[in-house]
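Enquirer: This is the structure I want to talk about, given as structure tokens.
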Amino acid sequence: MNQTSSPPSPGVRPPELELCTICDRPYLPRLLAMAMSLRRVCPSLRLHVVCLDDATTGYLRERAGIVTIPLAELERVDSAVAATRSSRSRKTYAWTLKPACCVHVLRTRSDAEAVAFVDADLLFFSSPDPIFAELARASVLLVPERPEPPSAWTDAGVRPELGTTRGATKGFYNSGLVAFRRDVDGLAALHWWRQRCVESCEPGSVAGQHGDQWHLNEVPALFAGVRVIEHPGVGLAPWNAHAAKLGLRRGQLLADGHPG
């Protein structure tokens, strides 16, 4: 295991990165808000979108900075993933598609040195360059699953360990943002995650059945070059924003003094 959160060395060039996500028609407003926030802070980044229906493909096809991937296109080249669709809900099939989406982007973009999956309901309040620059010294980038507020804790206010069946069962890492380099360890970890999601992607109390991100628990122990982001502005959401001190500086959102 090679897990670190120290900043990359000065002068190390970040990899050429592609972003990808998954969207259907009901999620379009959130996806558009995310795409607008991304173009405001980093217009050079392309966003590849696996479209789960024709309406989404048609609506996004002409949008600047967005590359549409019809679901049928991905399923044609990944029959193992496609075969799971009939037995899974729309939500769990979308979870199954996350690593397959990353694999597809690396397959079709031969110039990409890395790929990052981002949930379609994320927002970018500042340039993601400092975060993705951490890939300059890593093969896999993970975001910690931040704790819920004390009111959600169990055992008379004692916070359960993340990633255990004693309370929280979502895992140590949040798959709303996860990135992989096109190197030996990055590709091995990505393909391993895809295979685990093909095997099981259901939420529940049975070991190994906790959705896509539960499988990420094992990644730091199995692969070298894994980096866990500790930037306080990454992975913030309404249910965990209490964990950081939020503020504004000249219109810029800050989390513990860092750009959000």
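The values are calculated or read from the model by the stated rules, or taken from the named source; none is laboratory data. These numbers were taken from a predicted model, which means no experiment stands behind them. Glycine gets a Cβ as well: all are built from the backbone with ideal geometry, and neighbour counts include every protein chain shown. Just so you know, the surface numbers come from the protein's heavy atoms only, side chains and all, with ligands and any DNA or RNA stripped out. Shrake-Rupley method; radii C 1.70, N 1.55, O 1.52, S 1.80 Å.
Enquirer: Just the number, please: carbon plus sulfur as a percent of the accessible area of segment 1-144, 1.4 Å probe, no ligands or DNA/RNA counted.
Expert: Accessible surface attributable to carbon and sulfur in segment 1-144 totals 51 percent.
Enquirer: Right, here's the next one. Would you mind working out the accessible area per residue for segment 67-142, using a 1.4 Å probe, and quoting it in Å²?
Expert: I get 40 Å² per residue for segment 67-142.
Enquirer: Between residue 30 and residue 55, with labels modelled 7 Å along Cα→Cβ, what's the label distance in nm to one decimal, could you check?
Expert: 1.6 nm
Enquirer: Right, next: Amide H of residue 48 versus every other amide H placed in the peptide plane: which residues, excluding those fewer than 5 positions away on the same chain, fall under 5 Å?
Expert: Correct list: 19, 20, 21, 67.
Enquirer: Counting Lys +1, Arg +1, Asp -1, Glu -1, what net charge surrounds residue 34 among other residues with beta carbon under 13 Å of its beta carbon?
Expert: My count for the surroundings of residue 34 gives +2.
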